[in-house]
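The values are calculated or read from the model by the stated rules, or taken from the named source; none is laboratory data. All figures in this text were calculated on a predicted structure; none of them were measured in a lab. All Cβ positions, glycine included, derive from the backbone under ideal geometry; neighbour counts span all protein chains shown. Surface accessibility is based on the protein's heavy atoms, side chains included, excluding ligands, DNA and RNA. Shrake-Rupley method; radii C 1.70, N 1.55, O 1.52, S 1.80 Å.
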Amino acid sequence: MDQAKSYRAPSGTRDLFAEESRKFEAITSAFSRHMSFAGYGLLETPLFEEAAVFKRSIGQGTDVVNKEMYEFEDKGGRLMSLRPEMTASCARAFVQHSPPTPWRVRYAGPMFRYERPQAGRYRQFYQLGAEVFGTADPEVDTEVIWLAYKFIESLGIRSMTLKLNSLGDANCRPQYREKLVSYLSSHRDGLCDEHRDRLSENPMRVLDCKRPECVEVAGGAPVQIDHLCDDCAAAFRSVTEGLSRAGVAFELAPRLVRGLDYYMRTTFEISGDSLASAQNALGGGGRYDGLVESIGGPQTPGIGFSLGIERLLLACDAEGVLSLGEWSPLVFVVCLSQGEAAIHAGRLIYSLWGGGVNAQAAGSSRSTKAQMRAAGKSGAALVAIVGDEEAANDSVSVRIMNRDSASGLLERMATDWKAADSDQWSEFSEGSQVTLGIDRFVSIVAGSSGSTEVASAISGDSAGVPASQGIEVHNP
RNA sequence: GUGGCCGUAGCUCAGUUGGUUAGAGCGCCAGGUUGUGGCCCUGGAGGUCGGGGGUUCAAGUCCCCUCGGUCACCCCA
C-alpha cells in the first residue's frame, strides 16, 4: 500500500498559495505597519526551544503542555519542542539579552500544537502578537488591548466582542481560590465527571467549562473580580476607564479563564461574532507578571496578546471585508518567433523587471495565439509584442489590453507617445496598438508604475511593505 | 483521545434495482490558413472509481477491514 503512496501535507497543516497566501501577506504586513507605529520592534525567535522553556512558563497542568506539544530529542540528546505559542519564547529572549525596559516587541509566525484539526484549528497555525516586558503600569494594559482591538477593526471586521477579566495576583488569588474550592467542594456532585476529580488541581477551569452541569454550578460560584485586593482592583479600574476613554467597547467576563497558567490580573479575549464554528476566538492575552521569574529571570512584569491569522481570515470572509485588488501584470511580453525576436524579447522582459515593472511572458516557443490568450487571461494592461521586425529596429509594438488597469498610464502615454511616435494614438481603446523604441517604452512604463518599490520596501522600514500593485488592505 | 458525516479526473460533481471500452462542466494543451487576447467551434491529455480483502458469471455500485478528509466534544488562536 505504501509503495505508490502519494504524499500530502501532514494532517492539520496546509499549503498556502494564490489568493489565500496573498491575504495572509496582506494581514501580516498590515500588522507590521500597525505595530511599528506604536514602537513595537520585530522579534524573531527559533521555531523550537528547549521543552522546559514552555513547560515552566505555560504550566505543567495545562493541555498545551500536557498533550499538545511537539516534543523531540535532538541529536545531542536535548529535549526540544516546537513552539506552541510565542510568549514563552519572548520571555526567554528577554532574559537572555536583558534589553532596556519597557521592552516592546511584536511577532508573527507559525505555532505548533498537536490537536485534532477542525474548522479554524490547525496543528501549524499562524499568530500575530506583541509583548511588553518591564512595566506593570495599567496604562500599558490599555495600550496593548487597544492595539489588538483596533488592528482587528482596521481589517474591516465589525462584529466582535472584547471580554475582560482580572485574575488577581499572588496577593489575592490564593484567598479567592480557597473560597472557590470550598464552594465547589460543597457542590461536588453537580460537576461534570472530569472536574469532579480535578477540582482542586485547577478549580478555575470549572468556571469556563461548557458542560451544562458545570455551567449551572459555576453560575453561583464566587468570582475573582469580586475578591480583588486593593492594588488589583485599582489597576483593573484604571484599565476599564482607559478603555472607555479610548473608545474600546468591552464587556466584563468574570468567568473568563485562559488556558495558560501564567496569566494574572488583566486578561482578555476577543471573539468573532460572525464565526459560526466553535473556534471563534480571534485572539486573546493578558498580564503575566510572574512569567519571567519562572524561567529564571529577574522579577519582571509583562503583558501581551496574540491573534490567530486563520481566525482573522475566517472572520474577514464571513463579513466580506478584506478585499484585495486584482493582481495582474502591467505588461505581458509576447514573442512572435524564435531566434532574434526571442533574444530581443528576453532583453525586454529583463529590462522591465530591472526597472521594477510587473511583467510576465508566456514563453517564445508557444504559438502567438497561445501567448495572446495567456496575456488576456493574465489581466495585463498592455501587451508588448516582439517579432522579427521589432527585433530588427529595436522596437516593440504595444497594444492596450485592459483599459481600466492601464488607466494610470494612459495620461502619460498621451503626451509621451503622441509627441514621440504616434498620431494614431488619439483614442485609447482596447486593441489600440503602436510601435515605439524599446528603451522609450521601458522608461515610460517604469516611470509610471512605482519603479522603486523594492528599494522603498527596504529603506522605508516603518511601512514594511509597499503599497504595490494589487496587494493592499481595503478599509471600508 | 472519543463520536457523526464523507472519499469517482487538477477543481465541482453525475453515475439509475450491481451488467458492455467510467461521464459532464470548469481548468489545462493544441487547432479553427500566413505576426495579435477575451466570445464561439473542434480535437487532445488527464481517473488502477482512497487502499486491501470478500460476495457474485459480473462491483464505482453490496459486505468487512484499513487509510485519508471533514465536522463536533475537549482545548484554544
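Against the numbered list (1) modelled with pLDDT under 95; (2) within 16 Å of RNA strand B (Cβ to nearest atom); (3) within 25 Å of A:ALA234 (Cα to Cα), A:VAL223 comes up short only at (2).
Conditions (1) in contact with a helix residue (DSSP H, G or I) (Cβ under 8 Å, 6 or more places away or on another chain); (2) outside any helix (DSSP H, G or I); (3) surrounded by 14 or more Cβ atoms within 10 Å (Cβ to Cβ), marked per residue:
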site	(1), (2), (3)
A:GLU25	no, no, yes
A:HIS34	yes, no, yes
A:PRO46	yes, yes, no
A:GLN60	yes, yes, no
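A residue that is touching a Leu at 6+ places or on another chain (Cβ under 7 Å), within 26 Å of A:LEU275 (Cβ to Cβ) and of a type in the set (Gly, Ala, Ser) cannot be found anywhere in region A:84-92. Condition check: part of a strand (DSSP E or B) and surrounded by fewer than 17 Cβ atoms within 10 Å (Cβ to Cβ). Does A:PHE125 satisfy that? No. Examine region A:206-213 for a residue that is under 28 Å from A:GLY283 (Cβ atoms), in contact with a Gly (Cβ under 7 Å, 6 or more places away or on another chain) and open to solvent by 60 Å² or more (accessible area, probe 1.4 Å), and state whether such a residue exists. No.
Of all the residues in region A:290-329, those that are in a loop (DSSP other than H, G, I, E, B) and open to solvent by less than 20 Å² (accessible area, probe 1.4 Å) number 4. The set of residues in region A:385-400 being in contact with an Asp or Glu (Cβ under 9 Å, 6 or more places away or on another chain), surrounded by fewer than 18 Cβ atoms within 10 Å (Cβ to Cβ) and in a helix (DSSP H, G or I) consists of A:ASP388, A:ALA392. Scanning region A:247-269 for residues that are assigned to a loop (DSSP other than H, G, I, E, B), open to solvent by 40 Å² or more (accessible area, probe 1.4 Å) and of a type in the set (A, V, I, L, M) gives a single hit, A:ALA249.
A:PHE236 fulfils the conditions (1) outside any helix (DSSP H, G or I); (2) more than 9 Å from RNA strand B (Cβ to nearest atom); (3) in contact (Cβ under 8 Å) with a residue 40 or more places away in the chain except for a single criterion, (1). Of all the numbered requirements in (1) over 19 Å from A:GLN433 (Cα atoms); (2) of a type in the set (A, V, I, L, M); (3) open to solvent by less than 20 Å² (accessible area, probe 1.4 Å), A:ALA341 misses one, and that requirement is (1). Listed by position, the helices (runs of 4 or more DSSP H) inside region A:153-207 whose residues that are in contact (Cβ under 8 Å) with a residue 60 or more places away in the chain and closer than 30 Å to A:HIS34 by Cβ number at least 3 form an empty set.
Among the residues examined, A:PRO102 qualifies as away from RNA strand B (no atom under 15 Å from the Cβ) and farther than 17 Å from A:THR267 by Cβ. Look at region A:51-74: where a residue is closer than 21 Å to A:ALA93 by Cα and away from RNA strand B (no atom under 12 Å from the Cβ) and a partner is open to solvent by less than 80 Å² (accessible area, probe 1.4 Å) and basic (Lys, Arg), sitting 6+ places away or on another chain with Cβ atoms under 6 Å, you get A:VAL53/A:ARG92. Among residues of region A:5-23 that are in contact (Cβ under 8 Å) with a residue 24 or more places away in the chain, those with a Cβ under 7 angstrom from a residue that is open to solvent by less than 40 Å² (accessible area, probe 1.4 Å), sequence gap 6+ or separate chain, pair up as A:SER11/A:ARG123; A:GLY12/A:ARG123; A:THR13/A:ARG123; A:ARG22/A:LEU324; A:ARG22/A:ILE471; A:LYS23/A:LEU313; A:LYS23/A:LEU322; A:LYS23/A:LEU324. Which one of these is near RNA strand B (Cβ under 10 Å from one of its atoms), within 27 Å of A:GLU20 (Cα to Cα), assigned to a loop (DSSP other than H, G, I, E, B) and small (Gly, Ala, Ser): A:ALA380, A:ALA375? After applying the criteria, what remains is A:ALA380. A:GLN360 meets all of the listed conditions (1) surrounded by fewer than 16 Cβ atoms within 10 Å (Cβ to Cβ); (2) more than 8 Å from RNA strand B (Cβ to nearest atom) but one, namely (1). Here A:PRO46, A:PRO84 are screened, and the one residue that is under 25 Å from the mean Cα position of the chain (by Cα), under 30 Å from A:SER200 (Cβ atoms) and free of Cβ contacts under 8 Å to residues at least 60 places away in the same chain is A:PRO84. Of the residues contained in region A:218-225, none is found to be closer than 30 Å to A:ARG92 by Cα, in contact (Cβ under 8 Å) with a residue 12 or more places away in the chain and hydrophobic (A, V, I, L, M, F, W, C). Counting the residues of region A:48-58 that are among the aromatic types (Phe, Trp, Tyr) and assigned to a helix (DSSP H, G or I) gives 1. Among the residues of region A:193-218, write down those that are acidic (Asp, Glu) and more than 8 Å from RNA strand B (Cβ to nearest atom). Of everything in region A:193-218, those that are acidic (Asp, Glu) and more than 8 Å from RNA strand B (Cβ to nearest atom) turn out to be A:ASP193, A:ASP197, A:GLU201, A:GLU213, A:GLU216.
Scanning region A:214-232 for residues that are more than 23 Å from A:ALA148 (Cβ to Cβ), open to solvent by 30 Å² or more (accessible area, probe 1.4 Å) and assigned to a helix (DSSP H, G or I) yields A:VAL215, A:GLU216, A:GLY219, A:ASP226, A:HIS227, A:ASP230, A:ASP231.
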